[in-house]
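Written out below as structure tokens is the structure these notes cover.
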Amino acid sequence: GAVVSQHPSWVICKSGTSVKIECRSLDFQATTMFWYRQFPKQSLMLMATSNEGSKATYEQGVEKDKFLINHASLTLSTLTVTSAHPEDSSFYICSARGGQWIVAFFGQGTRLTVV
Amino acid sequence: GIQVEQSPPDLILQEGANSTLRCNFSDSVNNLQWFHQNPWGQLINLFYIPSGTKQNGRLSATTVATERYSLLYISSSQTTDSGVYFCAVDKGDDKIIFGKGTRLHILP
């Protein structure tokens, strides 16, 4: 299968600061990338879908200004959590699909803790 | 939107036992995948199975698209099979929706 790399794996930041999470498709061109959020012992909730070169499509209830998504190239998407607060602490997972792949591949996830 | 329901929510088994996990979905789908999330959070693709039956070692999956359900079979369970199993579907509209998962505990 294909490889999707997410960085960092974990991050601790102070309340009020911004954090950027990167998601890269290493061996295929990801025309579509997805960002999910997962709270402890819960399922993955889709936050937004992005197609390369286009603005992301956010799910209902997800604040566009708080969770900035950029999909500037076919191998990189970034999620920036702006002015982070403790309630933003969560596990964030990206996924990518494209090229020869019908299925989506997932990154390792980023555990964000806001203190 | 499409609803994905998984059952059972929790399952505790002795090592060596067999198990069946179920995924029901509320609408026709283009794609269906089964994942295993390990204790570190990594999602591992198990099967891409919009219809039919596939097998990979001790794991197999069957999707009956006309009846809108999929089953994941795990035979001769091992402790390393523990974790959360997710079913995820999409209708080809670029949204991959996850069920709530089945938390599997395999006891030694």
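Summary table below
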{"read-out": "Residue that is nearest to the other protein chains (Cβ to nearest Cβ), among those in the range A:74-115 that are charged (D, E, K, R) and surrounded by fewer than 20 Cβ atoms within 10 Å (Cβ to Cβ)", "value": "A:111"}
{"read-out": "Residue B:108 within 14 Å of chain A (Cβ to nearest Cβ) and of a type outside the set (A, V, I, L, M)", "value": "no"}
{"read-out": "Enumeration of residues in the range B:50-64 that are modelled with pLDDT of 95 or more and of a type outside the set (Ser, Thr, Tyr)", "value": "B:52, B:54, B:55, B:56, B:57, B:58, B:59, B:61, B:64"}
{"read-out": "Looking only at the range B:40-79, and only at residues there that are in contact (Cβ under 8 Å) with a residue 24 or more places away in the chain and assigned to a helix (DSSP H, G or I), the one that is surrounded by the most Cβ atoms within 10 Å (Cβ to Cβ)", "value": "B:65"}
{"read-out": "Residue in the range B:81-88 that is more than 14 Å from chain A (Cβ to nearest Cβ) and not in a loop (DSSP other than H, G, I, E, B) present", "value": "yes"}
{"read-out": "Sole residue being touching a strand residue (DSSP E or B) at 6+ places or on another chain (Cβ under 8 Å), farther than 27 Å from residue A:91 by Cα and small (Gly, Ala, Ser), chosen from B:76, B:82, B:7, B:51", "value": "B:51"}
{"read-out": "Test: residue B:12 is β-branched (Val, Ile, Thr), touching a His at 6+ places or on another chain (Cβ under 6 Å) and modelled with pLDDT of 95 or more", "value": "yes"}
{"read-out": "Total residues in the range A:3-34, condition within 14 Å of chain B (Cβ to nearest Cβ), exposed (fewer than 13 other Cβ atoms within 10 Å of the Cβ) and assigned to a strand (DSSP E or B)", "value": "1"}
{"read-out": "Qualifying residue in the range B:26-33 (condition: surrounded by 15 or more Cβ atoms within 10 Å (Cβ to Cβ), within 14 Å of chain A (Cβ to nearest Cβ), touching a residue at least 24 places away in the same chain (Cβ under 8 Å) and over 12 Å from the mean Cα position of the chain (by Cα))", "value": "yes"}
{"read-out": "Complete set of residues in the range B:80-105 that are β-branched (Val, Ile, Thr) and either within 18 Å of residue A:102 (Cβ to Cβ) or modelled with pLDDT of 95 or more (or both)", "value": "B:84, B:89, B:96, B:97, B:102"}
{"read-out": "Criterion violated by residue B:29 - all others in (1) among the hydrophobic types (A, V, I, L, M, F, W, C); (2) under 23 Å from residue A:42 (Cβ atoms); (3) assigned to a strand (DSSP E or B) satisfied", "value": "(3)"}
{"read-out": "When residues of the range B:89-102 are limited to those that are of a type in the set (A, V, I, L, M, F, W, C) and at the interface with chain A (Cβ under 8 Å from one of its Cβ atoms), the one surrounded by the fewest Cβ atoms within 10 Å (Cβ to Cβ)", "value": "B:97"}
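The values are calculated or read from the model by the stated rules, or taken from the named source; none is laboratory data. For clarity, every value in this text was computed on a predicted model and none was experimentally measured. Every residue, glycine as well, gets a Cβ built from its backbone with ideal geometry; the counts of neighbours run over all protein chains shown.
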